[in-house]
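Below: the structure, in structure tokens.
The values are calculated or read from the model by the stated rules, or taken from the named source; none is laboratory data. Not measured: the values here are computed from a predicted model. Neighbour counts are summed over all protein chains in view; Cβ atoms, including those assigned to glycine, are modelled from backbone coordinates with ideal geometry. Each accessible area value is taken on the protein alone, full model and side chains, heavy atoms only, with ligands, DNA and RNA left out. Shrake-Rupley method; radii C 1.70, N 1.55, O 1.52, S 1.80 Å.
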Amino acid sequence: MTGFRLPSGGQIDRSQPLSFQFDGTAMTGYSGDTLASALLANGVRTVGRSFKYHRRRGIVGAGVEDAGALVTVGTAGRSVPNLKPATVPLYEGLVATPVNVWPSLEMDVRALHQWIAPLLPAGFYNKTFTWPSWHLFEGAIRRAAGFGTAPSAPDPDRYAKAHLSVDVAIVGAGPAGLTAALALATSGVSVVVIDANPRPGGSLALTDPAWAREASATLSRAGVRVLTNSTAFGLYDHGLLGVVEQCAPPGAELSAGRVRERLWLIRAARCLLAPGLIERPLVFANNDRPGVMLAQAVRRYLTVYGVAPAQRWVIATVGDEGHRCAVDLLAAGLDVAAIVDHRAAVTSPAVAAATAAGIPIEWQARLTATLGRRGVEGARIALASGSTRTVACTGVAVHGGWSPTVHLYSQAGGRLAWDDARAAFVPSTPVARVETAFGWSVGEACAAGAAAAARVAQAFQRSTVAVALPTAPPADAPLQPLWEASGAEASAFVDLLSDVTARDIRLAAQENYVSVEHLKRYTTTGMAPDQGKTSNLPALALMAAATDRTIPEVGTTRFRPPFEPISLGVLAHSRRGALLAPSLTLPLAREHLGLGAEMEEYGRWQRPALYPRRGERREETLVREVLAVRNGVGVFDASPLGKIELTGPDAARLLDFISVQTLSTLPVGRVRYHVMLTETGTVLDDGVCARLGPEHFLLSPSSAMASTVATLLDELLQCDFPAWRCLATAVTQGWAVLTLTGPNALALLSALGTDLPLSTLPHMSIATGRVAGLPARVARVSFTGEASYEIAVPSTAAQTLWHAIWAAGTVFDLQPIGLESVLVLRLEKGYLIHGVDTDGETTPDDLGYGGGIARKASDFIGRRSLLRPEQRRSGRRQLVGLTPEDGVTVLPAGGHVLLDDGTPPSDGWVTSSAYSPTLARPVAIGLVADGRARMGARCQIADGDRRIPARIAALCAWDPEGRRLHG
Amino acid sequence: MKPPLLASRIEATMHLIPCPYCGPRAEWEFQWGGEAHRPRPDLSADDATWAQYLFERRNTRGPALERWVHRYGCGQWFHLVRDTVSHEVLAVYGVEDRPPDLVVEPTP
Ligand SMILES: [Zn+2]
């Protein structure tokens, strides 16, 4: 008989039934159930099919150690794949579906996996499928093998992040963690306790749940925060603990405003790790058959959930836990056919209780195999006498010993030591800021918790209080490890979730993957959601046996975060969609949209790309906007341009140090184009610098580089030249800048009303005064090739200026110009864009700015590097113009430039290219080897296999004399 | 023209850095400024000396002297001694100060 609900008992609320669905079937459970306990109570044995071999799997454990079968919970955007049923709290309306069931959970696909299985030995990803062909099998293997599927729709729920700073974070609220928390509760240090379960207590649920409840209440009264349903998944540097709190069960509908999961980043001065023990399974033939469960998990289902997973049991054990399980089963009214104990007969209170209950015990015996079709129907036992017995049973409880949960300790850098008596790896080396507390029994755990608390308190020069301890069962007799109970059968599993068998481990040894790191990767053991919790030690032990080494000689891998799988949603928390990388908004964003602007992101700024009119195609808009600037006047928003003000007697000196050009000779009121280099002599940025006063400069880096340049200036002033008297202040967002550009720009600016001496303001100058009644700085600089006036006003005055410009602009047929049109205008002039027309190798000479450097007196960043052979060699790529021979083909940006016969190697590439409305022909610029010396030379531009004949031309295609700038 | 999306800083960094002006703050508020105490050769340096300045670092195993700036905080630069093995922060000192005694500065 399969599982059922016991008539009474358990810590569930039988007055609150819950209905749920599994694999399309309606079922009921109770409040307080997990999905696993409810499935067992409904008689479900096969919960899923295995990763590679498609074998039936059921519930194995009662917590994170449940490595039996994974399920998907929830539907559509709320579906969460690959959950362990024992970690999912039951709720009304829960919908769970098995993972990896094809064609269906119950359909017999033996015929299929019989021929797939031989194709999937250990290391199958590493081996070449030479016969007959991987592709022939790929589809079938992919359908039959694998884990759950990703949600089909976006996750509709909210996730949150919280920070917490505490003196002590205690991980685990079992006997050790609770004792430690109570001991520290009134000591004056701040404490947070983290536990994965809905209720604190851990194994106390089996021994003294009342004490755990009272401890919780005491902690709550003392103001100690206990985070339940919270998994500490990683312990990082400097005491940073990553915790995911499950605020609502997976897949459940959320009421408005509620959060599904919360990422806690807890910075703890001390971490007290008390995560308890994980029970180990046993390796024997068909140890994965539904009905085989861990012994303490069986006890938990009986005691905590009032569920009998099966009626008639055989217990296979290497220690006393199996005997306790047998006694509990009997007490629940179930049958125990036999306890199969690997040890020579021992005496202990647990053994005595089993004996007194009349349970047959087979000493020095091994359970070697289970039998059955859809689940366990019998067990084969090798007796001490050497004979074999087969026993009918529907459940097998196994106990292979205990492993301390060392994941977080190991993540933090702790080394493990082999404890031979307990056959387990235990924490050994001290780790800064970390205390560990675990014990092999409730009593030992409490003592360890109290001792760890005392060490923590001492670090804070406080003292702990004595704690009244819970009822502690008597100590166990020693265990005797058993790493493999049967011979070479194929179906003895080491890692159920990864479908790794004992034979796979031996295959790895045979193929010389004997290092523990290779073993893990070759067989994939410990890599599935189990993360080695149950599989780690059996795999190591089998490798040790296969290579005639001891287990500590094989060693263990360092555990890495996360301890348990965590959702991507909680790692992203609020940073989704528009909040992933928020854009910067212009002060005039609404006004631009009002004019029909198409906004695009340029270097994090949302800027108008174009202002298309109704029915206009993109190319038509470009032509109209460009010609408006060439023939009349346009306005564009230049606010994102970087603005750094430098003041002080050493400002000019600093500018000379960061610039290729000599900026200290710039007269007040004038503007100079300049180039900044990195220390390796390549171009860092270009821009203009204006001198507002003898000790007052305004630097305009490109908008993309503004913060980099500001950081560089800060570093120079603070670290390298602390004695220099200069202040550098980034004021980019403080100013809104509207640029009037075109032959009528001057007339429009005059019409706005200004006290500036416009008629005497030459190209490359700046003046401060009033425009349209507003305080303004007006710079006459140009990025379009037409006379241009950049009007900068405080960004709070942006709207006023905007409306004034439009009021005055009507008679001039003023048009708004998008950035895409500006980029065409500058390309016609051959003005470069840093990072588009330059790259990490471009020097000032490559751009034609090498001429004046020799005359500059002082050193500057990158200067020495310009003298290196690499920067002085011939054949460097130089920025030049490119023109198609046919006069109509727009050259492909990025297309390689091939000189001479048009064959590789490449001589450079096209960096920017467009159709020029002004010239009614294509224009392009690019970096070409020795380009300036090859003016007029024929070349071919590669566009895939196509070759476009072109010529090297002057960089500037429109008004090369610059008459329009000065006009 | 559109640059790639700038992924915002995630909490991939875990150190707790003691800003000398603000106190301990999470690493993601700071920006690393590279190895500290590297005198810049003047223009007369030969190619080998200059190349060494540009491209060679001590790559210390153990206590490393570094520049950091509290970028998303007070904006101040400072020096940090960070053990590159244990990740412990051993000392913090001002930008104009010499390294504290606990560090034996290796020869470049
Ligand atoms: Zn600071």
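Could you check how many residues of the stretch A:680-697 are within 14 Å of chain B (Cβ to nearest Cβ) and open to solvent by less than 40 Å² (accessible area, probe 1.4 Å)?
2
Quick check on my filter: what residues within the stretch A:698-711 are within 11 Å of chain B (Cβ to nearest Cβ) and either closer than 15 Å to B:Val95 by Cα or open to solvent by less than 30 Å² (accessible area, probe 1.4 Å) (or both)?
A:Ala710, A:Thr711
When you scan the stretch B:56-72, how many residues do you find that are within 16 Å of the ligand (Cβ to nearest atom) and closer than 22 Å to A:Arg864 by Cα?
The number of residues fulfilling the criteria is 0.
I'd like to check which helices (runs of 4 or more DSSP H) are fully inside the stretch A:467-547 and have at least 3 residues that are in contact with a Phe, Trp or Tyr (Cβ under 7 Å, 6 or more places away or on another chain).
So the answer is A:536-546.
Which residues, taken from the stretch B:11-32, are at the interface with chain A (Cβ under 10 Å from one of its Cβ atoms), within 14 Å of the chain's Cα centre (by Cα) and in a loop (DSSP other than H, G, I, E, B)?
Scanning the stretch B:11-32 gives a single hit, B:His15.
Considering only the stretch A:841-854, how many residues are more than 14 Å from chain B (Cβ to nearest Cβ), open to solvent by 20 Å² or more (accessible area, probe 1.4 Å) and in contact (Cβ under 8 Å) with a residue 40 or more places away in the chain?
Within the stretch A:841-854, residues that are more than 14 Å from chain B (Cβ to nearest Cβ), open to solvent by 20 Å² or more (accessible area, probe 1.4 Å) and in contact (Cβ under 8 Å) with a residue 40 or more places away in the chain number 4.
Note down all Cβ pairs under 8 Å where the first residue falls in the stretch A:794-812 and is in the same structural domain as A:Leu738 (by TED's automatic domain parsing), the second is surrounded by 12 or more Cβ atoms within 10 Å (Cβ to Cβ) and acidic (Asp, Glu), and they're at least six residues apart or on different chains.
Final answer for the pair search is A:Gln799/A:Glu591; A:Trp802/A:Glu591.
Where residues in the stretch A:434-459 are touching a strand residue (DSSP E or B) at 6+ places or on another chain (Cβ under 8 Å) and surrounded by fewer than 16 Cβ atoms within 10 Å (Cβ to Cβ), which of them is modelled with the lowest pLDDT?
By that ranking, first place goes to A:Ala459.
Which one of A:Leu698, A:Leu627, A:Leu666 is in a loop (DSSP other than H, G, I, E, B) and farther than 22 Å from B:Trp77 by Cβ?
After ruling out the rest, the residue left standing is A:Leu666.
Answer yes or no: is there a residue in the stretch A:29-43 that is at pLDDT 95 or above and open to solvent by 40 Å² or more (accessible area, probe 1.4 Å).
Checked the stretch A:29-43: at least one residue is at pLDDT 95 or above and open to solvent by 40 Å² or more (accessible area, probe 1.4 Å).
Condition check ((1) surrounded by 13 or more Cβ atoms within 10 Å (Cβ to Cβ); (2) within 16 Å of the ligand (Cβ to nearest atom); (3) not in a loop (DSSP other than H, G, I, E, B)) across all residues:
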position	(1), (2), (3)
B:Gly34	no, no, yes
B:Trp50	yes, no, yes
B:Leu54	yes, no, yes
B:Cys74	yes, yes, no
B:Arg82	yes, no, yes
B:Pro100	yes, no, no
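Could you check A:Thr768 against (1) open to solvent by 20 Å² or more (accessible area, probe 1.4 Å); (2) among the β-branched types (Val, Ile, Thr); (3) under 47 Å from the mean Cα position of the chain (by Cα) and say which number it fails?
Every listed condition holds for A:Thr768 apart from (3).
Give the residue, chosen from A:Leu655, A:Leu641, that is modelled with pLDDT under 95, crowded, with 20+ Cβ neighbours inside 10 Å and away from chain B (no Cβ under 14 Å).
A:Leu641
Restricting to the stretch A:146-178, give me the number of residues that are within 30 Å of A:Lys52 (Cβ to Cβ) and open to solvent by less than 20 Å² (accessible area, probe 1.4 Å).
1
Condition check ((1) over 25 Å from the mean Cα position of the chain (by Cα); (2) buried (at least 24 other Cβ atoms within 10 Å of the Cβ); (3) without any contact (Cβ under 8 Å) to a residue 60 or more places away in the chain) across all residues:
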site: A:Val47; (1), (2), (3): yes, yes, no
site: A:Arg57; (1), (2), (3): yes, yes, no
site: A:Val60; (1), (2), (3): yes, yes, no
site: A:Ala69; (1), (2), (3): yes, yes, yes
site: A:Ser79; (1), (2), (3): no, no, no
site: A:Gly93; (1), (2), (3): yes, no, no
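Hey, among A:Ala285, A:Ala268, A:Ala252, A:Ala295, which residue is in contact (Cβ under 8 Å) with a residue 24 or more places away in the chain and within 22 Å of A:Val171 (Cβ to Cβ)?
Unique residue meeting the criteria: A:Ala268.
All but one of (1) within 16 Å of the ligand (Cβ to nearest atom); (2) touching a residue at least 12 places away in the same chain (Cβ under 8 Å) hold for B:Gly23; which doesn't?
Answer for B:Gly23: the failing condition is (2).
Identify all residues within the stretch A:903-913 that are closer than 29 Å to A:Leu823 by Cβ and not β-branched (Val, Ile, Thr); write none if there are none.
If the condition is that a residue be closer than 29 Å to A:Leu823 by Cβ and not β-branched (Val, Ile, Thr), then A:Ser906, A:Asp907, A:Gly908, A:Trp909, A:Ser912, A:Ser913 are the ones that fit.
More than 19 Å from A:Pro474 (Cβ to Cβ) and without any contact (Cβ under 8 Å) to a residue 60 or more places away in the chain: which single residue out of A:Arg422, A:Arg455 fits that description?
A:Arg455
If you take the residues of the stretch A:560-605 that are open to solvent by 60 Å² or more (accessible area, probe 1.4 Å) and assigned to a loop (DSSP other than H, G, I, E, B), which of them is farthest from A:Thr405 (Cα to Cα)?
Out of the qualifying residues, it is A:Leu595.
Provide a single number: the residues in the stretch A:724-757 that are of a type in the set (Phe, Trp, Tyr) and either part of a strand (DSSP E or B) or in contact with a Phe, Trp or Tyr (Cβ under 6 Å, 6 or more places away or on another chain) (or both).
Looking only at that region, the number is 1.
Has the stretch A:899-916 got any residue that is open to solvent by less than 50 Å² (accessible area, probe 1.4 Å) and in contact with a Cys (Cβ under 6 Å, 6 or more places away or on another chain)?
yes
A quick yes/no check of all residues on (1) away from every other protein chain (no Cβ under 14 Å); (2) modelled with pLDDT of 95 or more:
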position: A:Thr218; (1), (2): yes, yes
position: A:Val226; (1), (2): yes, yes
position: A:Asp237; (1), (2): no, no
position: A:Gly242; (1), (2): no, yes
position: A:Ala274; (1), (2): yes, yes
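Given A:Thr550, A:Thr534, which one is away from chain B (no Cβ under 14 Å) and open to solvent by 50 Å² or more (accessible area, probe 1.4 Å)?
Matching residue, one of A:Thr550, A:Thr534: A:Thr550.
Just to be sure I understand, how many residues within the stretch A:925-946 are touching a residue at least 12 places away in the same chain (Cβ under 8 Å), surrounded by fewer than 16 Cβ atoms within 10 Å (Cβ to Cβ) and in a strand (DSSP E or B)?
2
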